[in-house]
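We did not get these values from a lab; they are worked out from the coordinates using the rules stated. Since we're looking at a predicted model, the values are computed, not measured. Here the Cβ is made from the backbone with ideal geometry for all residues, glycine too, and neighbour counts use every protein chain on show.
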Amino acid sequence: MTHILVVEDEPSLRQLLTNNLTFEGYAVTAVDDGGAALSAHKSHRADLIVLDLMLPTMDGYQVLQQLRERQDSVPVLMLTARGAEVDRIQGLSLGADDYLVKPFSVLELLARIKAILRRTRPLDRPLVLKSGPYRFDLPALEVARDGKTLVLTPREFRLVEILITHPGRTHSRQELLNLAWEADARPTPRTVDVHIANLRKKLGEDEGRPWIATVGGEGYRWTAPVEPEA
Ligand code: CA
């Protein structure tokens, strides 16, 4: 179920959005401030965030900035005040995916959400990927190197799957924790390091050729090009 996080301090609008999105079949979490939004997203990752820019304590800009600083590319649809063009420009430059000017129609909001999810979600991704000496069979949860199957734990497979399906993109430890561990598990960022270290060992990383790069102490990235199997 697609999970949408609504961040809006105006109670009536927050309720309206929650009701409509729930009716449309989305799982909805609604909060009234930026800090609450970040912790809600951390404990139950959203597939999209509807983010009001003007919020009481931590505003929408700060939320957006913090998300993008930690390389979290969750799609963000911002809600801005009429006439506040500078808000829209700043929000888009901070990495928002789209915006709506208040007051907006709920139908317009739903259409924008669908459009964003369509373009940010690779629904028809290929099932078998190749990269370097590796072949990843995603449905079978199998990785082979030069034709020889490697034995990975489900968690290791999930981690490498996240990395190879977003090659070139850095994933922060926190993001990997959110994506590869259950919400009620309480692993630490160090746990990610340990699993990545094991994964590298099993992948048989070549000297001077890191398939999984550590990026500036902040996260991990798959370095080689990835192609669907022909
Ligand atoms: Ca507001």
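Among His44, His171, His195, whose mean-square fluctuation peaks in a Gaussian network model of the chain (Cα, cutoff 10 Å)?
His195
Tell me which trypsin sites (Lys or Arg not before Pro) from the range 21-116 have a DSSP coil assignment and no more than 11 other beta carbons within 10 Å of their own.
The qualifying sites are Arg82.
Of the beta bridges DSSP finds with both residues in the chain, what % are antiparallel, to the nearest 5?
55
Given +1 on the Cβ of Lys and Arg, -1 on the Cβ of Asp and Glu, and no further charges, what dipole in debye does the chain carry about its Cα centre, rounded to the nearest 20?
The dipole of the chain has a size of about 640 debye.
Above 32 angstrom, tally the Cα pairs of the chain and express them as a % of all pairs, no decimals.
Beyond 32 Å sits 28 percent of the P(r) for the chain.
Whole angstrom only: what separates the Cα centroid of the range 94-154 from the Cα centroid of the range 17-89?
20
Once you have a ≥ b ≥ c as the square roots of the Cα gyration tensor eigenvalues for the range 1-67, tell me rounded if a/c is under 1.5, and otherwise prolate or oblate according to whether a/b is larger than b/c.
oblate
Based only on other Cβ atoms within 10 Å, what is the fewest-to-most ordering of Asp193, Asp72, Asp146?
Placing the least packed residue first, the sequence is Asp146, Asp193, Asp72.
Sorting check: for 49-58, 10-19, which peptide has the highest mean count of neighbouring beta carbons within 10 Å, and how do the rest follow?
For the peptides 49-58, 10-19, the packing ranking is 49-58, 10-19.
Mind pulling the angle between the C-alpha long axis of helix 34-43 and the longest principal axis of the chain? Nearest 10 degrees, somewhere in 0 to 90.
30
How do Leu109, Leu64 line up, fewest other C-beta atoms within 10 Å first?
Ranked by crowding around the Cβ, least crowded first: Leu109, Leu64.
Of Thr149, Pro103, Ala224, which is farthest along the charge dipole of the chain in the positive direction, counting Lys and Arg as +1 and Asp and Glu as -1 at C-beta?
So the residue we want is Thr149.
Taking 7 Å along the Cα-to-C-beta vector as the label spot, tell me the Ala230-Ser105 distance in nanometres, rounded to one decimal.
Placing both labels 7 Å along Cα→Cβ, they lie 4.9 nm apart.
Check the straight Cα-Cα distances from Lys148 and name the lysines below 28 Å, setting aside those fewer than 8 residues away within the same chain.
Candidates past the 8-residue exclusion: Lys130, Lys201, Lys202.
Which value in deg cm²/dmol, rounded to the nearest 500, describes the helix-derived mean residue ellipticity at 222 nm for the chain, given -39,500 (n - 2.57) per DSSP H run of n ≥ 4 and division by the residue count?
-12000 deg cm²/dmol
Please report, in Å, the Rg and the Dmax of the range 128-228, where both are computed over Cα atoms only.
Spelled out, the Cα radius of gyration and Dmax of the range 128-228 are 12.8, 38 Å.
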